[in-house]
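These notes concern the structure reproduced below.
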Amino acid sequence: MVHIHHFTFQEPLPRLSGGWLSVLETYAFQTYTIGLRTSKIEGKKPLLAALRQAVAETPFFADKQFVLQHPDVEIVFDELIHQIVIHIFPVILVGRYTKLQRTIAQTRHFCFECKGSGKKNGNVCPQCKGEKVLTKESVQELITPFFQKEFTCNEVLFHGAGREDVDVRMLGSGRPFALTLENPIVRTIDVEKLRTHINRALKGKVELVELKIGHPNDVANVTRAYHTKRYRALVESPEKINLNPLNAFLEQKMDVVQLTPTRVEKRRVMKERPHWIILESFKRISDHIIEVELHASAGCYIKEFISGDNGRSKPSLKDWLRVRCGCKELDVLEIVDAEM
Ligand SMILES: [Zn+2]
């Protein structure tokens with residue numbers, strides 16, 4: 001969030017009171033930095049030093065700390081355009097979530113057919129039936145209001161370390177995520193208390209396994225990390241399943257090449273990606289249903305590995321079992337170590 005205030009640069013210092021200070025008074029921040037934009041190359045250093053000192057001596061800043069890196073607030077005195085530009089930096093939170101139902105998406109998905117308008121050619125959009133979104137509930141939408149309330153912030157951006165499908169549960173110790181809280185009035189709260197509160201309110205749906213105040217770099221660290229994952233899947237076939245062929249693949253790291261799946265080809269570049277899969281265990285549930293546990297490389301499509309996706313996943317569980325099959329239920333059991 002950026003606030004801009006006009007001022008007249010009264011040599012040698014701008015008046016350290018007035019509107020821009022009252023803006024800052026609404027924010028509970030601890031650290032700040034001071035910048036200066038001026039045409040005077042010669043005099044910049046002493047003027048900046050004088051500004052920093054004048055600000056530090058202002059009573060309002062007495063309990064605040066001047067820092068050079070990662071401040072809560074940046075105040076830039078711009079002599080060229082006679083403006084004080086106040087930049088309120090977001091609060092970053094990092095954590096891990098589990099998702100316990102097969103009807104919750106990770107983030108809100110606007111309808112791609114009507115681009116979130118709910119209408120198509122003047123009629124109700126057939127894809128979303130006028131709902132504008134394709135998801136009824138999402139982890140993002142379920143947890144966001146709690147943060148907006150506690151931090152009094154405008155917007156909460158959700159960044160997941162990858163994602164799972166709506167119908168896939170996220171179990172174990174959860175999936176890493178980061179939140180960017182834009183323009184927060186409050187910056188420090190009892191995070192553990194908030195986590196407990198959220199978990200009580202969202203019981204049976206979503207649990208925040210971990211939550212803590214993060215660092216600006218954490219957003220990139222979370223979204224760029226490549227995690228391998230362990231899965232449990234129920235595999236169903238219209239034919240009777242013979243488990244014997246699977247013994248040949250048990251506990252072995254198998255290479256799998258996957259072409260962009262049919263179901264996401266509208267959104268992703270069409271290309272072949274190399275992956276690996278380890279079949280960790282398998283057991284019979286009925287003649288037509290088996291349960292398998294798999295460990296797979298980051299980004300490997302599990303539903304497609306199971307069905308073969310019309311030859312787009314090579315090999316596939318269908319190839320190994322030698323019968324047509326599909327994924328009936330899928331859970332992420334564990335997000336394993338980051339694979340760089
Ligand atoms: Zn629509």
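For 226, 27, 32, what's the fewest-to-most ordering of other Cβ within 10 Å of each Cβ?
Numbers: 226 13, 27 18, 32 21.
So the ranking, lowest neighbour count to highest, is 226, 27, 32.
Using the alpha-carbon atoms, what tilt in degrees (0 to 90, nearest 10) does helix 191-201 show relative to the longest principal axis of the chain? Computed tilt is about 50 degrees.
The C-alpha atoms of the chain define a longest principal axis, and helix 139-151 lies at about 20 degrees to it. The dipole here belongs to the chain: it is taken about the Cα centre, uses +1 on the Cβ of Lys and Arg and -1 on the Cβ of Asp and Glu, and is about 980 debye. Across the chain, the mean sequence separation of Cα contacts (distance under 8 Å, 6 or more residues apart), normalised by length, yields a relative contact order of 17 percent.
Measuring between alpha carbons in the structure, the pairs from 132/240; 132/205; 253/328; 205/253 lying more than 31 angstrom apart are 132/240; 205/253. As a length-normalised measure over Cα pairs under 8 Å and 6 or more apart, the relative contact order of region 163-228 settles at 39 percent. Straight Cα distances below 14 angstrom link residue 314 to the aspartates and glutamates 255, 272, 304, with same-chain residues fewer than 8 positions distant left out. With a cut-off of 17 Å on the backbone N, the residues of region 70-107 near the modelled label site 7 Å out from residue 39 along Cα-Cβ are 78-83. Among 91, 336, the ranking by other beta carbons within 10 Å of each residue's beta carbon, starting with the fewest, stands as 336, 91. Counting only cysteine Cβ atoms and a cutoff under 4.7 Å, the chain contains unmatched residues 153, 300, 325, 327.
Counting other Cβ atoms within 10 Å, keep those with at most 16, restrict to DSSP loop, and tell me which GluC sites (Glu not before Pro) in region 241-340 are left. Here the sparse-neighbourhood loop sites are 251, 265, 339.
Every number in this text was worked out from the coordinates using simple rules, so none of it is lab data. These figures come from a predicted structure and were not determined experimentally. Methodologically, a virtual Cβ is constructed for each residue, glycine included, from the backbone with ideal geometry; neighbour enumeration extends over all protein chains shown.
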